[in-house]
Ligand code: 3HC
Ligand code: NAI
């Protein structure tokens with residue numbers, strides 16, 4: 001038998017009585033319909049051919065199989081289904097071996113588990129990450145994994161979605177052999193020969209019983225997992241995964257498969273699946289900025305950080321964690337010692353938790369130097385300044401950098417709000433100046449806004465994206481404006497919250513509404529965590545330029561005047577007695593709110609339902625998001641989604657505010673905004689883009705797909 005039809009992504013070649021089935025569907029061998037058809041045909045041919053004694057399944061390129069083709073979810077199903085293909089592989093009466101290199105994820109691992117034996121190279125990454133897409137393994141994975149590795153290990157894989165390497169997979173019993181070389185084909189062929197030499201036994205996972213033999217232990221693991229899942233609110237598919245494993249214990253294999261299919265289809269139909277899959281692709285699309293396509297990044301090995309405060313120290317840690325050499329510059333010896341101390345504190349915390357050894361810390365610190373003289377930055381490839389949020393101080397710092405940095409060094413500012421064009425234009429190399437807006441704590445938060453001023457050169461922007469890759473951050477390209485994408489939108493939805501508070505809602509109700517929507521914290525809890533003084537300083541700075549027609553709520557300022565900045569001062573919107581991390585409602589805050597309402601002429605406070613609070617909060621977010629897109633500050637609605645998800649706690653399973661708006665329906669959002677505008681037409685001005693999309697019967701997602709308005 002020779003190679004199959006050239007158009008199929010699945011090749012079949014018989015050598016030495018072994019049918020080698022090769023999946024070649026770049027980039028990651030996802031199991032789209034053509035691959036499923038190819039597999040179906042190849043297995044059928046191998047089964048029918050008497051010259052074939054065994055079958056080997058391998059992947060070409062960088063993966064075995066990364067799973068089902070995620071782009072097909074939500075489209076009409078096409079035959080054969082993946083469960084059918086897996087059943088056919090398992091049913092084959094000649095031994096089938098899967099030789100795994102790179103990712104074998106989701107449906108990819110399900111194919112491998114349907115084979116009778118599994119070999120993996122050191123590069124293998126095995127996992128069942130469907131939960132991260134709002135799904136469960138739907139091609140027999142929930143029934144086969146427990147039969148191979150027991151309920152506890154299977155639940156761990158399916159509920160965490162984590163990837164395991166070859167050695168761990170071997171220990172679990174997920175694979176049979178770890179290959180010594182990286183050549184999956186050669187290793188797979190050798191293993192097939194070994195299986196044949198041992199009698200060529202067909203060993204079907206569906207018939208395995210040993211891993212599930214101790215029924216009591218399995219039930220215990222299922223009960224524990226169910227209790228854990230119930231504690232974590234929000235996600236739909238984890239409880240269904242536990243149900244499937246229960247079925248694996250209680251039901252015959254085919255019946256269990258039927259249960260799995262029913263529950264998989266429920267997950268597929270859930271809005272969470274749509275939200276999470278949107279997030280999956282959006283997180284990859286944000287990497288495709290015009291500059292990352294047109295330019296090559298400059299090399300980054302040595303970096304500088306100016307300022308060792310909250311952000312500078314966090315940025316230094318993020319850079320050190322990425323293996324870079326870091327120099328921190330502070331204004332004097334005392335401030336430098338504090339900055340270095342903040343960096344050390346992060347690592348000491350890891351040591352105290354047993355997550356790092358003292359020796360590892362010492363190795364990291366070898367790459368870290370401090371200085372008070374800017375000349376220490378002469379060799380830096382990239383410098384990020386995180387000094388006080390003050391244009392005068394920023395100018396002074398950039399003037400120094402202009403003097404000492406080598407030609408071609410990227411000069412970045414971490415400013416939250418200041419005009420980066422102004423920063424850039426004041427020095428002799430504006431083409432090298434960019435905004436790299438990290439989020440606090442900078443070594444933890446995933447978002448990195450890459451802020452693109454007018455004169456920056458494309459390779460500097462590409463370098464920002466490359467830095468994000470090195471730091472394992474999620475980069476989003478943003479244009480220059482007050483607050484860029486995230487803080488600009490935050491300012492608006494926080495204002496909407498303040499208006500609702502002054503009109504009658506308590507901050508505690510608003511926080512609860514946000515949490516019930518899926519945010520980890522509400523806006524007032526966030527303010528208490530970050531420190532109310534930060535926003536207060538910004539409001540004072542902007543007081544002179546504030547639009548006098550705009551409604552202004554004084555309540556936050558009143559709290560700050562009392563010195564109630566949040567957790568760090570023991571009280572803010574909430575009380576934090578004895579250093580508590582979770583706050584309690586404060587009757588004195590409620591009294592201040594009541595006084596302010598009276599001063600604002602609100603004598604009969606309104607009561608809002610949770611739904612009303614949510615509608616206004618989200619409408620404010622979506623409307624500003626639309627303005628950010630229409631002004632080109634964000635490239636697409638998906639860039640707003642990724643920003644809010646990774647920087648502001650918007651629940652990933654809802655996809656982001658723009659995806660959420662699409663799911664609610666844009667006419668509904670616009671109608672809400674128009675009705676709120678009757679009370680305050682200045683604040684609730686509908687975005688022109690939103691109006692246009694509603695007129696044209698389109699949604700935000702239509703702009704993600706490249707068709708511009
Ligand atoms: N389907 C469709 N496209 C996929 C895909 C999949 N399963 N996995 C990755 N891709 C695409 C990406 O969108 C990206 O496309 P682009 O170049 O056009 O942006 C390209 O493949 C490369 O992906 P990455 O940029 O993510 O490459 P990495 O090397 O960083 O990561 C990976 C590779 C670890 C395989 C990662 O892509 C990944 O985690 N993929 C998803 C794996 C997954 O969730 N599988 C389960 C699918 S659901 C399932 O199988 C259901 C079944 O139980 C029925
Ligand atoms: P911070 O007050 O904690 O730290 C500022 C540091 O800069 C201080 O250690 C100070 O000694 C140092 N510094 C001041 N002038 C200097 C100079 N001329 N040379 C060297 N060092 C100098 O401030 P924070 O919070 O770290 O903010 C820094 C920047 O990051 C600001 O622009 C801020 O807007 C921005 N930012 C802050 C975030 C936050 O949550 N705190 C989030 C994102 C950005």
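Values quoted throughout were computed directly from the atomic coordinates according to the rules given, and no laboratory measurement underlies them. This structure is a prediction, so every number in the text was calculated from the model and none was measured. We place every Cβ from the backbone using ideal geometry, glycine too, and count neighbours over all the protein chains shown.
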Quick calc, residue 603 & residue 581: beta-carbon distance into FRET formula, R0 41 Å, rounding 0.05, result 0.65
The range 310-344 to the range 520-565: how many Å between their Cα centroids? 29
If the chain between residue 201 and residue 419 were fully stretched, how many nm would it gain, using 0.36 nm times the residue separation less the Cα-Cα distance? 71.5 nm
In degrees rounded to 10, the 0-90 angle between helix 486-503 Cα long axis and the longest Cα principal axis of the chain is 70
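Mind ordering 523-529, 264-270 by average Cβ neighbours within 10 Å, highest first?
523-529, 264-270
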Could you sort the peptides 300-312, 406-418, 204-216 by per-residue average Cβ neighbour count (10 Å cutoff), highest mean leading? 300-312, 406-418, 204-216
Report, to the nearest 10°, how far helix 237-250 tilts away from the longest principal axis of the Cα atoms in the chain, using its own Cα long axis and a range of 0 to 90°. 30
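Work out, step by step, the length gained on full extension between residue 160 and residue 294: first 0.36 nm times the residue separation, then minus their alpha carbon distance; give nm to one decimal.
Extra length from residue 160 to residue 294 when fully extended: 44.5 nm.
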per DSSP, antiparallel bridges as share of beta bridges in the range 1-67, % nearest 5, sits at 50
Compute the angle between helix 587-599 and the longest alpha-carbon principal axis of the chain, please, reported from 0 to 90 degrees and rounded to the nearest 10. 60
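What percent antiparallel are the DSSP beta bridges of the range 422-482, to the nearest 5?
If we restrict to bridges inside the range 422-482, about 40 percent are antiparallel.
Rounded, prolate or oblate: pick one for the range 150-296, where a ≥ b ≥ c are the square roots of the eigenvalues of its C-alpha gyration tensor, a/c under 1.5 means rounded, and failing that, prolate if a/b is larger than b/c, else oblate.
Working: a/c = 2.17, a/b = 1.10, b/c = 1.98.
It is oblate, given that a/c is not under 1.5 and a/b is not larger than b/c.
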Two-site FRET efficiency, residue 537 against residue 365, from Cβ-Cβ distance with R₀ of 22 Å, rounded to 0.05: 0.10
Cα→Cβ-extended label distance, 7 Å offset, between residue 685 and residue 88, nm: 6.0
Residue 550-residue 227 pseudo-label distance in nm [points 7 Å out on the Cα-to-Cβ vector]: 5.1
Rounded Å value of the spacing that divides the Cα centres of the range 251-306 and the range 349-413: 33
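Ranked from highest to lowest mean number of other Cβ atoms within 10 Å per residue, what is the order of the peptides 492-500, 579-587, 620-628? Please list the in-between numbers first.
Working: 492-500: 21.2, 579-587: 12.2, 620-628: 26.7.
The peptides rank, most packed first, as 620-628, 492-500, 579-587.
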D_trans [Stokes-Einstein, Kirkwood Rh over alpha-carbon pairs] for the range 56-141, 37 °C, 0.692 mPa s, µm² s⁻¹: 250
Along Cα→Cβ, 7 Å out, is where each label goes; now give me the distance between the ones at residue 516 and residue 351 in nm to one decimal. 4.7
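Write down the percent of antiparallel bridges among all DSSP beta bridges whose residues are both part of the chain, to the nearest 5.
Counting only bridges with both partners in the chain, antiparallel ones make up about 25 percent.
Kindly identify the range 524-630 as rounded, prolate or oblate by the Cα gyration tensor criterion: order the square roots of the eigenvalues as a ≥ b ≥ c, call it rounded if a/c is under 1.5, otherwise compare a/b with b/c, prolate if a/b is larger, else oblate.
Rounded is the answer for the range 524-630, as its axis ratio a/c remains below 1.5.
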Say R0 is 25 Å: what FRET efficiency, to the nearest 0.05, do residue 372 and residue 428 get from their beta-carbon distance? 0.55
